[in-house]
Amino acid sequence: MRVIVWLVEGTWPACVDAVRAHAPGDAEVVLLHVSGPEVPAVAHGAFAGLLGRRSQDPGDRLEALGVTSATALLDAAAERLGRPCVREERSGRVEREVVAAAEGAGLLVLARDGDRSRLGPKSLGPAVRFAVDHAPCPVLLVWPEPAPRLDTIPPPPPHHHP
């Protein structure tokens, strides 16, 4: 079985702990980090507007910092996992890269990224919602911290009488 673990800054420890607790010992574990193009693209665009200036494109520096940060995150996750694993870095539309990486996998592990103060659909942000809805394999969705109490479930919508 191949297990894809989507690592995101701030929530990745819960995903790694879930793999340690729930993935078979003989599973191939892939630690996945995806960098979106947004921040470097903005910097590249701002630099392009400064034609004639003699300096280096700040987008290049931001891309390099992103690679360094992703490597550090993958290293920390591998150490926490404590077993052999594959480290994979992708870039592009984050949610689509996660779904593509999960093709052929036996399990995708990811963490809630929305409002984590209460139970309900708003505990999933757009990228995680997309991955959950489109994953081509089973999904293990974890809380990055202890789940909120059951009394935080939003009330049902008012009953509609025709």
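Values in this text are rule-based calculations from the coordinates and carry no lab data. What you are looking at is a predicted structure, and each value in this text was computed from that prediction instead of being measured. Methodologically, a virtual Cβ is constructed for each residue, glycine included, from the backbone with ideal geometry; neighbour enumeration extends over all protein chains shown.
Ser35's amide H: which non-local residues (gap 5+, or another chain) put their own amide H closer than 5 Å, with H modeled 1.01 Å from N in plane and none for Pro or chain starts?
Arg90, Ser91, Gly92
By per-residue mean of other Cβ atoms within 10 Å, what is the highest-first order of 144-156, 107-119? Walk me through the numbers on the way to the answer.
Working: 144-156: 10.4, 107-119: 19.7.
By packing density, highest mean first, the sequence is 107-119, 144-156.
Pop a pseudo-label 7 angstrom from the Cα along the beta-carbon direction at both His22 and Lys122 and give the gap in nm to one decimal.
Placing both labels 7 Å along Cα→Cβ, they lie 2.5 nm apart.
Can you tell me the length gained on complete extension of the stretch Glu103 to Asp75, counting 0.36 nm per residue apart and subtracting the Cα distance?
7.7 nm
If you plug each phi of the stretch 94-106 into the Karplus form 6.51 cos²θ - 1.76 cosθ + 1.60 with θ = phi - 60°, what whole-Hz ³J(HN,Hα) values come out, in order, with x for Gly and Pro?
Rounded to whole hertz, the list is 3, 4, 6, 5, 5, 4, 5, 5, 7, 4, x, 7, x.
Can you list residues from other chains, or at least 5 along the same chain, whose modelled amide H is less than 5 Å from the amide H of Val109?
For Val109, whose amide H was placed from the backbone, the distant partners under 5 Å are Ile4, Val5, Trp6, Leu140.
Which net charge results when you count Lys and Arg as +1 and Asp and Glu as -1 among the other residues whose beta-carbon is under 9 Å from that of Leu32? Walk me through the numbers on the way to the answer.
Values: positive: Arg87, Arg90; negative: Glu88, Glu89, Glu97.
Neighbourhood net charge equals -1.
Are there GluC sites (Glu not before Pro) in the stretch 63-158 that DSSP puts in a loop and that have at most 16 other Cβ atoms within 10 Å, and which ones?
Answer in residue order: Glu103.
If eta is 1.306 mPa s and T is 10 °C, what Stokes-Einstein diffusion coefficient results for the stretch 60-152, Kirkwood Rh from Cα pairs, in µm²/s?
105 µm²/s
Less than 11 Å Cβ to Cβ from Pro148, Lys/Arg counted +1 and Asp/Glu -1: what total charge do the surrounding residues give?
+1
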